[in-house]
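Undergrad: This is the structure, below, for whatever I ask next.
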Amino acid sequence: MASAKLLYIEDDPEQREGLATGLRERGFEVETAGSGPDGLELLSAGGFALVLCDLNMPDMDGLAVLSKTQARQPDLPFVLLTAHPSVPLAVAAITHGAQRFLIKPVSLDEMEITVHQAIEFARLRRWQRQAEEQLSRLVESAPVPYIVTRWSDGEILYANQHLAKLVGMTQAELRGRKTSEFYYDAEERATVIELLQNQGFVKDVEVQIKRADGTPVWTVFSLAEGEVAGEKVVLGGFLDITRRKELEEKLRIYHEVFRHSVDVITVIDKEGRILDRNPAHEKRTGWTDEEVIGKSVVDFLDHEGKQNIMPIIAERGSYRGQAEAIIKDGTRVPIDISIFPIHDVKGELELFVGMGRDISEIRRAMNELAAKNLELRETHAQLLQSEKMASLGSLVAGIAHEINTPVGAMTSMHDTLVRAIEKLKEHLRASDAEGFESDAKLKTILEIVDSSNQVIKSGSSRVAEIVRRLRSFARLDEAELKKVNIHEGLEDTLTLIHHEVKHNITIVKDFAELPSISVYPSRLNQVFLNLLNNARQAIKEKGTITLRTEVDGDDILIRVGDDGVGIEPANLAKVFDPGFTTKGVGVGTGLGLSICYQIIKDHHGTIGVESTVGKGTTFTIRLPTNLDEVLGVS
């Protein structure tokens with residue numbers, strides 16, 4: 001310390017030389033300057049351990065010199081001297097960074113002590129600052145959130161960028177705050193303080209801290225007591241475990257789902273052996289853990305499941321489908337199965353999870369629904385067809401009525417014309433019999449008129465017959481049970497399709513003597529129309545449709561046959577199924593024959609089919625002759 005180099009700035013030459021000489025005698029190396037600028041110039045050369053400076057100087061006062069010195073060398077100790085002291089001056093000096101503020105005159109002993117103290121204080125301050133900088137670097141370089149707090153009051157002395165980011169603040173905003181502000185639950189801080197007091201450290205404590213916006217963050221931290229620059233502190237490192245806590249909560253929820261799921265869940269190793277299962281597995285299957293754990297998952301499935309599932313998993317990595325599970329009492333239970341892989345963090349297959357759902361009720365409900373849907377479709381089809389037939393009947397009846405009026409007038413006028421011609425002939429014979437008989441031209445005209453009248457009569461009779469058949473087919477007043485002649489219904493239906501078959505199809509009728517029987521006329525006509533249309537469509541070019549009737553005991557038989565393309569043997573059993581058709585898209589709905597089947601069934605009769613591919617098809621209807629008695633209708 002004796003070799004310390006001092007710079008003394010004093011505008012009074014006598015005082016400057018006196019104090020400098022005394023300090024040199026005490027072993028200090030002293031250089032002097034008479035003004036502030038001269039002193040700053042000497043200072044720029046460096047090497048000084050301390051600056052002594054008079055406060056009141058003409059060119060630049062001591063406070064100005066102090067400011068410039070602090071700007072150049074902030075760690076250089078600076079002592080101000082003045083013969084005119086005041087409290088404001090002393091405060092200003094200390095505030096500007098002076099280590100001491102001495103009042104002249106100063107004894108050499110006091111000056112020596114002051115110099116030693118100022119230099120030592122500066123050294124300690126440099127050491128503290130360096131220690132603080134080193135500590136700050138250590139804290140800042142920590143790869144995790146890190147903090148240094150004062151033990152006595154919890155004030156944050158240092159906090160690295162990681163911690164600032166964790167709580168949503170800047171490092172500057174954190175410094176000076178109290179740790180108590182960041183505990184989400186104040187009681188947890190009391191527990192931590194108690195542990196620190198008893199042990200001097202805490203390790204791996206999980207605590208929720210509070211971000212700047214008030215939201216909680218789960219952390220795990222370790223704290224330890226320490227000392228920085230002689231002050232007792234607490235050092236701590238943090239880890240943000242919010243994500244881990246979220247995953248733990250999800251895992252807890254998943255475990256609850258696993259435990260309480262009504263579906264069967266199994267954990268399966270890569271070889272297909274059961275590692276674990278949920279309670280629902282034992283409840284639904286009856287198998288105990290000893291009977292299940294370590295066994296292949298397919299051991300509890302039917303033969304098809306055993307054969308199919310593992311190869312599919314080997315090929316695709318997962319499985320989704322249905323099989324039958326075999327429970328402990330031997331019962332087979334239909335289940336919906338899903339087996340999917342679980343991979344580790346590296347993407348490697350770790351295990352499988354299998355889920356099975358009992359679909360017995362679903363399958364039963366689906367079967368019932370399918371049956372109801374089939375019944376609904378049949379009912380809807382019958383209703384739709386009935387509505388079509390009713391509309392067709394109304395249309396036919398209306399057309400028949402409209403045609404009947406002019407036909408009646410034509411028939412009436414034809415009769416009048418015939419009588420008028422006969423009277424004309426009588427008149428001509430009476431007036432000039434010889435001339436009438438000899439007038440060849442007149443006879444030719446009259447013969448043409450007679451021939452035309454015969455054509456008109458034949459045509460009007462044909463139209464009248466067609467109208468009658470149309471009105472008979474419509475039978476708008478015969479929706480209820482009524483005794484009818486079956487042949488009339490067939491004839492009426494033939495009349496309706498005559499225009500479609502007259503060019504390429506021959507109609508052969510082989511009718512037996514049949515009694516009148518009770519039927520639902522309009523619905524039975526619907527069956528005849530459907531069968532005749534099917535026969536017509538089965539004939540691709542020219543062919544024959546044969547209608548036969550006969551009596552067979554208490555029943556009558558009606559056969560509708562064609563020599564068309566026929567029906568494949570595999571399809572014969574399905575022709576009456578709703579939706580089945582071989583006619584192709586846009587041609588048939590597959591509901592016609594199912595409706596016919598239902599109508600004949602409602603008549604307590606039967607309908608069957610025989611067919612040979614390439615030779616033709618024959619439908620045979622059997623109807624009871626006493627349906628009114630069967631139904632109890634008088």
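Undergrad: Considering only Cα-Cα distances, which of the following residue pairs are longer than 30 Å: Lys250/Lys306; Lys542/Lys574; Lys482/Lys540; Lys250/Lys270; Lys509/Lys615?
TA: Lys250/Lys306; Lys482/Lys540
Undergrad: Determine, for each peptide in 140-146, 600-606, the mean count of other beta carbons within 10 angstrom over its residues, then list the peptides with the highest first.
TA: Ranked by mean Cβ neighbours within 10 Å, highest first: 600-606, 140-146.
Undergrad: Hey, what angle do you get for helix 592-602 against the long axis of the chain, alpha-carbon based, 0 to 90 degrees rounded to 10?
TA: 70 degrees
Undergrad: Another question about this same structure. Please report, to two decimal places, log10 I(q)/I(0) for the chain at q = 0.05, 0.06 Å⁻¹ as given by the Debye formula with identical point scatterers on the Cα atoms and no solvent.
TA: -0.63, -0.71
Undergrad: A follow-up question, please. Mind pulling the angle between the C-alpha long axis of helix 521-538 and the longest principal axis of the chain? Nearest 10 degrees, somewhere in 0 to 90.
TA: Tilt relative to the chain: about 80 degrees.
Undergrad: Another question about this same structure. Could you work out [θ]222 nm for the chain from helices alone, using -39500 (n - 2.57) per DSSP H run of at least four and dividing by all its residues? Round to the nearest 500 deg cm²/dmol. Let's see the in-between values first.
TA: Numbers: 20 runs with 312 residues, N = 634.
Helix contribution divided over all residues of the chain: -16000 deg cm²/dmol.
Undergrad: Here's a follow-up. For a quick check of your reading of the filter: which trypsin sites (Lys or Arg not before Pro) in the range 1-68 sit in a DSSP loop and have no more than 15 other Cβ atoms within 10 Å? Mind showing how you got there, number by number?
TA: On the way: sites: Lys5, Arg16, Arg24, Arg26, Lys68; in loops: Arg26.
Filter output for the range 1-68: Arg26.
Undergrad: Still on this structure, I have one more. Taking amide H positions as placed in the peptide plane 1.01 Å from N, state which residues far from Met60 in sequence (5 or more) or on other chains have amide H under 5 Å from it.
TA: Gly36
Undergrad: Can I ask one more? At 0.36 nm per residue, and after removing the present C-alpha to C-alpha distance, how many nm does the segment from Arg129 to Asn504 gain when stretched out fully? It would help to have the intermediate numbers written out before the result.
TA: On the way: separation 375, 0.36 × 375 = 135.00 nm, distance 11.84 nm.
Stretched out fully, the Arg129 to Asn504 stretch lengthens by 123.2 nm.
Undergrad: Next question, about the same structure. Percent antiparallel among DSSP beta bridges with both residues in the chain, to the nearest 5?
TA: Here the share of antiparallel DSSP bridges comes out near 80 percent.
Undergrad: With a 1.4 Å probe and all protein chains left in place, how much of the accessible area of the chain comes from carbon and sulfur atoms, in whole percent?
TA: 53 percent
Undergrad: Exceeding 23 Å between C-alpha atoms, which entries from my cross-link table qualify? They are Lys203/Lys232; Lys295/Lys328; Lys210/Lys346.
TA: In this structure, Lys210/Lys346 exceed 23 Å between Cα atoms.
Undergrad: Still on this structure, please answer the following. Enter the angle in degrees (range 0 to 90, nearest 10) between the Cα long axis of helix 440-474 and the first principal axis of the Cα atoms of the chain, meaning the one along which they spread out most.
TA: 50 degrees
Undergrad: What number results when the radius of gyration of the range 494-586, computed over Cα atoms, is divided by 2.2 N^0.38 Å? Provide the component values of the computation, followed by the final result.
TA: Values: Rg = 14.7 Å, N = 93, 2.2 N^0.38 = 12.3 Å.
The value comes to 1.20.
Undergrad: Skip the ligands, DNA and RNA, and give the accessible area per residue of the chain with a 1.4 Å probe, whole Å².
TA: So the chain comes to 56 Å² accessible per residue, rounded to a whole number.
Undergrad: Listed highest first by mean packing, meaning other Cβ atoms within 10 Å per residue, what order do 116-123, 511-518 come in?
TA: 116-123, 511-518
Undergrad: Something else about it: Listed highest first by mean packing, meaning other Cβ atoms within 10 Å per residue, what order do 439-451, 89-101 come in? List each step's numbers first, then the result.
TA: Numbers: 439-451: 11.5, 89-101: 17.2.
The packing order, highest mean first, is 89-101, 439-451.
The values are calculated or read from the model by the stated rules, or taken from the named source; none is laboratory data. The structure displayed is predicted, hence computed values, not measured ones. Don't worry about glycine lacking a Cβ; one is built from the backbone with ideal geometry, like all the others, and counts go over all protein chains shown. Surface accessibility is based on the protein's heavy atoms, side chains included, excluding ligands, DNA and RNA. Shrake-Rupley method; radii C 1.70, N 1.55, O 1.52, S 1.80 Å.
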